[in-house]
Amino acid sequence: MFLFRSTESVQAENLFLRRQLALFIECGVRPPLMDVGTRVSLPGLAKLFEWRGALVLVQPATMIHWHRAGWKLLWRFKSRRRCPPNPMGLRALIRMMAAENPLWGEERIANELLLKLSIRISPRTGGKYLPKRPPGRLRGDQRWSRFLKNHAKGILACDLFVAVTATFRMLYVCVVIEHGARCLAHVSVTAHPNARWTLQQLRAVVGDDDGHMFLILGRDRVFAKHLDESICALGFEGLRLLVASPKATSICEHLIGTIRRECLDWLIPMSEPHLRSILKEWTTHYNTRRPHTRRPHSSLDGMTPDQFYFNSLPQAKAA
């Protein structure tokens with residue numbers, strides 16, 4: 001019936017309603033809370049005229065908030081899920097493939113699933129379940145830990161630490177550990193370490209057919225630059241650590257901590273021969289009789305280093 005009324009009548013009614021509304025404002029009457037119908041209708045009517053001058057019940061920011069909330073509900077309804085979610089087993093499989101193959105992207109994972117398991121998914125679907133790349137890491141970069149796992153059987157790590165005798169004499173202990181079997185390959189003690197002495201210790205470790213290719217070295221003075229040529233002559237490729245990066249040789253660092261906690265913290269060596277005897281006996285214990293339930297042996301499937309090395313031989317596998 002509003003369509004057949006005159007303009008003067010509608011304007012007069014608006015003034016009449018505004019005068020009553022002004023009376024409520026002057027009296028300080030607090031309006032009740034807006035219901036859902038009012039929150040929906042007011043933003044819709046506000047599209048037909050300049051509403052900021054006529055709004056008195058709420059703040060303009062509240063009206064804008066209602067309008068945005070309405071759009072969110074509309075687009076949530078339009079973009080609601082129309083297909084069933086992927087099974088939990090498929091999500092776990094995608095995450096496992098991404099963790100074991102850091103160089104694979106979402107397209108490679110989707111193609112592998114289609115080719116080998118006949119599971120067709122969109123690359124974007126697979127990308128939703130991939131782990132987030134840490135900030136600062138280049139895309140497709142192979143991690144140092146992955147390199148160590150891929151070449152564990154051919155890696156030796158060498159490092160030195162300090163031991164103090166009962167007479168406050170400072171001795172240096174050189175340890176060499178095999179990454180594959182976590183075997184303590186060599187331990188030696190000296191009071192005056194240098195590059196020539198370090199080379200002699202490495203020669204004592206090298207065998208004819210041990211299959212070691214890489215040697216992780218620190219940046220101490222005993223690992224001089226000219227030592228690299230001698231290491232290459234022994235058949236190794238020297239890998240120098242970055243400055244202040246002990247995690248890059250975490251296995252050797254953990255071994256040093258184990259020697260301190262389980263051996264040297266309980267005994268005080270009297271002299272250099274005494275320390276050498278203690279470490280020789282503890283090395284035998286570490287490789288053959290040390291309980292495998294502790295952390296350094298957790299990657300050996302519950303075996304000691306000697307047991308793990310024996311079971312990895314071809315004749316042991318054939319048997």
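Quick notes
- Considering only Ala166, His285, Leu199, and ranking their Cα positions along the charge dipole of segment 146-313 that arises from unit charges at the beta-carbon of Lys, Arg, Asp and Glu, the one farthest toward the positive end is Ala166.
- The HN-Hα couplings worked out from phi for segment 94-104 by the Karplus form 6.51 cos²θ - 1.76 cosθ + 1.60 (θ = phi - 60°) are 5, 5, 5, 4, 5, 6, 7, 10, x, 7, 7 Hz, whole numbers, x standing for Gly and Pro.
- Using the Karplus relation 6.51 cos²θ - 1.76 cosθ + 1.60 with θ = phi - 60°, the per-residue 3J(HN,Hα) values for segment 215-226 come to 10, 8, 10, x, 10, 6, 5, 5, 9, 5, 5, 5 Hz, with x marking Gly and Pro.
- Cross-link reach list, lysines versus Lys72, counting only Cα pairs under 24 Å and skipping chain neighbours closer than eight places: Lys47, Lys128
- Lysines whose Cα lies under 26 Å from that of Lys247, excluding same-chain neighbours fewer than 8 positions away: Lys132, Lys149, Lys153, Lys225
- Amide H partners (placed H, <5 Å) of Asp159, local residues excluded: Val175
- Fully extending the segment from Arg108 to Ser271, taken as 0.36 nm per residue of separation minus the present Cα-Cα distance, adds 52.7 nm.
- Between Met170 and Phe147, the C-beta separation translates, for a Förster distance of 30 Å, into a calculated FRET efficiency of about 0.30.
- Length gained when the stretch Glu281-Ala54 is fully extended (0.36 nm per residue, less Cα-Cα span): 72.5 nm
Each value in this text was obtained by applying a stated rule to the coordinates, not by laboratory testing. Computed from a predicted structure; not experimentally measured. Backbone-built Cβ (ideal geometry, glycine too); neighbour counts: all protein chains shown.
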